[in-house]
Every structure is written in C-alpha cells, then in structure tokens.
Amino acid sequence: MNQDELKRAAAMAALDYVIDGEIVGVGTGSTANHFIDGLAGIKDRIQGAVASSEASARRLAGHGIRLFDLNDVPAMPVYVDGADEIDGGLSMIKGGGGALTREKIVAAVAERFVCICDASKQVATLGRFPLPVEVIPMARAQVTRALTALGGTPRLREGFVTDNGNLILDVHGLSISDPMGLESEIDHIAGVVCNGLFARRGADVLLLAAAEGVQRVTRN
Ligand code: 5RP
C-alpha cells in the first residue's frame, strides 16, 4: 500500500468511533479528507459535524453533511484528525496544513481525540517536522526573535494566511524533550495565537496504518 492508501485505511478505521445520533469533530488535511469521504457513507446516522477549517467545511458540505457552529455545541464525543508527528505518549505536532488553531479548539470540546496516521508519522521524539506557530501579523518579528531564543529557526510560511487571518512561522531545529512544557512556553509569547504542539491535550486513541494493518494505540 502507498502512503495515501495507508491514510485512507486509518481514516476508515476511525468510522468505528463515530457515535450514532451525535455530532463529530472533523480535522483537516489529506487523512482527514479520507475520513470526511467515509463519513459521507454514514451521514444519515449522525447529526452532523463541526469542521476545523474552511477547507474541511467545504468538503463536508459537498457531501451534504450538516455543519454546526462550535459555539452551539457544548460537547461532542469524538474529534478525528491526522497529525504531522506523533510520539509514544500520543503527543503530536500538527498544523502542516495551517489549521492548528481551529483544530486545537474543536479538539478541546471533544471527549475523545482519535488520531489517524500512516506509520511514517510515528516518531520517538517530536521535532523533526518543523513546528507550526500561528502568529498575529504585527508580532511576526517579535515572535521570530523569541522562538530563536528558544533554540529554533523560525521561517515564515510564504504566501500563506490562516483561516483566522494570521501568519504561520514554521520552527525548524527544536529539540522537543518536554512537549507539554514547550507547548505552554510558546503559547505565552506575546503575539502567538497557538502552536502546533498537542501535548496538554494529546490524542486518546491512535489508529496507525501500516502494511500489516491498522494498529490501535490508546493513551496510558
Ligand atoms: C493540518 C494538520 C494535519 O492533520 C496534518 O498536517 C497532517 O496532514 P495529512 O493528513 O495531510 O498528512 O494538522 O493543519
């Protein structure tokens, strides 16, 4: 199986976590797109979905899946999304698609985060994938200096504006031995909206697709 087929296999396995009659939180990216397409096949069993990006909202709507505003949804049983890296403690780097802020917000409302990945995303230590940080435009230079002081090399994602009208700095070369601590530290830099470390609220379940099948890993 190629990487896209593995992404699809992980996404299809996540359909088992969808609860009948409920609202589903939906992530962003190529793996999440496979999940959205799978969700279309069972759309009559769910109330609808909350999307973590404009792109996912368009894809859900294209399948005729009802969209809910997160402000009208006090709780939902499950959020399903991909990741750029995931470690053994189910902490993740996310935001390769630039949707990290909305992803983190929707995930915060869900009882369970189901992460869907092909096996290439599993790492011993987070940080080889550059860490995305969403930044208020006027704070770009200030945040760049602060992230450099933390030991990283931030690079502006050229020509990219988030759904929230902000910029992304992709931080290369960070050594992430303490994902939870670094997540908090970066969030406290003035001008940072959100960073792509999902450690304080990591995944609860990982569905990891490899040639041998989809492995299910749960948080200890
Ligand atoms: C988007 C994300 C995605 O989940 C992450 O980039 C993985 O993407 P893909 O499923 O395309 O490999 O965080 O902001």
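The values are calculated or read from the model by the stated rules, or taken from the named source; none is laboratory data. The shown structure was predicted, so the numbers you read here are calculated from the model rather than taken from an experiment. We place every Cβ from the backbone using ideal geometry, glycine too, and count neighbours over all the protein chains shown.
Within segment 37-80, track down each residue that is in contact (Cβ under 8 Å) with a residue 12 or more places away in the chain, closer than 15 Å to Ile19 by Cα and assigned to a helix (DSSP H, G or I). Across segment 37-80, the qualifying residues are Gly38, Leu39, Ala40, Lys43, Arg45.
Within segment 30-74, can you find the residues that are aromatic (Phe, Trp, Tyr) and either more than 18 Å from the chain's Cα centre (by Cα) or over 19 Å from Met12 (Cβ atoms) (or both)? Matches in segment 30-74: Phe68 only. The residues listed here are Asp16, Asp4, Asp20; of these, the one that is over 30 Å from Gly127 (Cα atoms) and either part of a helix (DSSP H, G or I) or within 11 Å of the chain's Cα centre (by Cα) (or both) is Asp16. The set of residues from segment 23-42 being out of contact with any helix residue (DSSP H, G or I) (no Cβ under 8 Å at 6 or more places or on another chain) and buried (at least 18 other Cβ atoms within 10 Å of the Cβ) comprises Ile23, Gly29. Residues in segment 88-122 that are of a type outside the set (A, V, I, L, M, F, W, C) and near the ligand (Cβ under 10 Å from one of its atoms): Lys94, Gly95, Gly96, Gly97, Gly98, Thr101, Arg102, Glu103, Lys104, Asp118, Ser120, Lys121.
Being of a type in the set (Ser, Thr, Tyr) and over 23 Å from Thr101 (Cα atoms) is the filter here; which residues of segment 17-69 pass it? Break it down stepwise before answering.
Start the filter on segment 17-69 by keeping residues that are of a type in the set (Ser, Thr, Tyr), which leaves 17, 28, 30-31, 52-53, 56.
The answer is Tyr17, and nothing else.
Take Met76 and tell me if it is at pLDDT 95 or above, buried (at least 20 other Cβ atoms within 10 Å of the Cβ) and either more than 15 Å from the ligand (Cβ to nearest atom) or β-branched (Val, Ile, Thr) (or both). Considered against the rule, which asks whether it is at pLDDT 95 or above, buried (at least 20 other Cβ atoms within 10 Å of the Cβ) and either more than 15 Å from the ligand (Cβ to nearest atom) or β-branched (Val, Ile, Thr) (or both), Met76 comes out as yes. Among the residues making up segment 121-155, those that are more than 14 Å from Asp187 (Cα to Cα), β-branched (Val, Ile, Thr) and touching a strand residue (DSSP E or B) at 6+ places or on another chain (Cβ under 6 Å) are Val123, Thr153. Of all residue pairs spaced 6 or more apart or on separate chains, those with beta-carbon atoms under 9 Å, a first member in segment 178-197 that is without any contact (Cβ under 8 Å) to a residue 60 or more places away in the chain and a second member that is within 16 Å of the ligand (Cβ to nearest atom) and of a type in the set (Ser, Thr, Tyr) are Glu183/Ser91.
Of all residues in segment 131-142, none are within 11 Å of the ligand (Cβ to nearest atom), touching a residue at least 12 places away in the same chain (Cβ under 8 Å) and of a type in the set (S, T, N, Q). Of everything in segment 29-56 that is within 20 Å of Asn164 (Cβ to Cβ) and in contact with a strand residue (DSSP E or B) (Cβ under 7 Å, 6 or more places away or on another chain), the residue that is nearest to the ligand (Cβ to nearest atom) is Ala32.
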